[in-house]
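The values are calculated or read from the model by the stated rules, or taken from the named source; none is laboratory data. Source: prediction; values computed, not measured. Cβ coordinates were reconstructed from backbone atoms using ideal geometry, including for glycine residues, and neighbour counts include every protein chain displayed. Surface areas here come from the heavy atoms of the whole protein model, side chains and all, with no ligands, DNA or RNA. Shrake-Rupley method; radii C 1.70, N 1.55, O 1.52, S 1.80 Å.
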Amino acid sequence: MAASHDLATDPALQEALLTVRRGTQFFGRKLNELPDDALQAPSLLPEWTRAHVIAHVGYNARAIARLMKWANTGNETPMYSSWDARNAEIEHGAALSPQELRNLYTDSAAQLDAAWRDTPPDAWEHHVKTAQGRTVPASETVWMRTREIWIHAVDLNNGAAFVQIPAHVLNRLLQEITGAWKSRGDDKDLLLKVTDASTVTEFGDLDSDNPDVISGTLADITAFAAGRSTKGITSSKQQSPTAPRWL
């Protein structure tokens, strides 16, 4: 997955592609560490086994590759035909044999990487539509995949942690999550304070006079905001704080 062959010329996009490729390798290592008989064990996601996570990540790569086909050809190619079809696909994938699941992951990742690598500079600005219905430039697919691959490597429940996710990815995740809260009004009187930066960084309701201040490291705060963990955080008002939903 060498970035040197990319047709993309924008330095920021090239850096983003490097980050998503690192995430792909990270997920692959955590998957390869698992024996076949461990794939049906629980993941960190409710009601999903590790096999569900692997299947989702594999089919997500194919779905994003469809968006790149759309960007390159101009022919509308949605990520999924419907949410029901997406969910049924994941259930089907979770029932595959261990080798089929592993092949799904590696083959789909390679397919997506090839689609990115072969996309000419102008096509990165062509608009496509996400599964949530947002219209975005094709370049946004790199972040979409970055988010999926790094977080779900943790969800595999095989020792990966948010502290291993690059700091710039965690920062963007926090901005995205707290932005979603704000758009729904869910951030009222809630302030996230990151304490391990050179200067204290705050996310959430910056205008509240008496917010519930959730403090912790960047990794722990992001894990909390993403609904994955309450480890390492403290609240000024609650003993067991719960983050608003993200998606």
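Looking at segment 229-241, can you tell me whether even one residue there is open to solvent by less than 30 Å² (accessible area, probe 1.4 Å) and under 21 Å from the mean Cα position of the chain (by Cα)?
No, that holds for no residue.
Any residue in segment 23-36 that is under 30 Å from Glu125 (Cα atoms) and open to solvent by 30 Å² or more (accessible area, probe 1.4 Å)?
yes
Can you tell me which of Val213, Val128, Val142, Val169 is hydrophobic (A, V, I, L, M, F, W, C) and more than 30 Å from Ala51 (Cα to Cα)?
Testing whether each residue is hydrophobic (A, V, I, L, M, F, W, C) and more than 30 Å from Ala51 (Cα to Cα) leaves just Val213.
Would segment 210-218 turn up any residue that is of a type outside the set (Phe, Trp, Tyr), at pLDDT 90 or above, under 25 Å from Leu44 (Cα atoms) and part of a helix (DSSP H, G or I)? Before you say what the answer is, go through the steps one by one.
Step one: of segment 210-218, the residues of a type outside the set (Phe, Trp, Tyr) are 210-218.
Then drop every residue that is not at pLDDT 90 or above, which leaves 210-218.
Next, only the ones that are under 25 Å from Leu44 (Cα atoms) stay: 214-218.
Checking which are part of a helix (DSSP H, G or I) leaves us with 218.
Yes, that holds for at least one residue.
Give the residues of segment 160-200 that are touching a strand residue (DSSP E or B) at 6+ places or on another chain (Cβ under 8 Å) and among the aromatic types (Phe, Trp, Tyr), sorted by residue number.
The answer is Trp181, and nothing else.
Within segment 60-76, work out how many residues are open to solvent by less than 10 Å² (accessible area, probe 1.4 Å) and either in a loop (DSSP other than H, G, I, E, B) or without any contact (Cβ under 8 Å) to a residue 40 or more places away in the chain (or both).
Of the residues in that region, 0 qualify.
Kindly indicate the residue of segment 81-131 that is modelled with pLDDT of 95 or more and among the aromatic types (Phe, Trp, Tyr) and also nearest to the chain's Cα centre (by Cα) among those meeting that condition.
Taking the candidates together, the pick is Tyr105.
Criterion first (assigned to a helix (DSSP H, G or I), open to solvent by 10 Å² or more (accessible area, probe 1.4 Å) and free of Cβ contacts under 8 Å to residues at least 60 places away in the same chain) does Tyr80 satisfy it?
no
Determine whether segment 227-236 contains at least one residue that is part of a loop (DSSP other than H, G, I, E, B), farther than 22 Å from Leu44 by Cα and free of Cβ contacts under 8 Å to residues at least 24 places away in the same chain.
No: zero hits.
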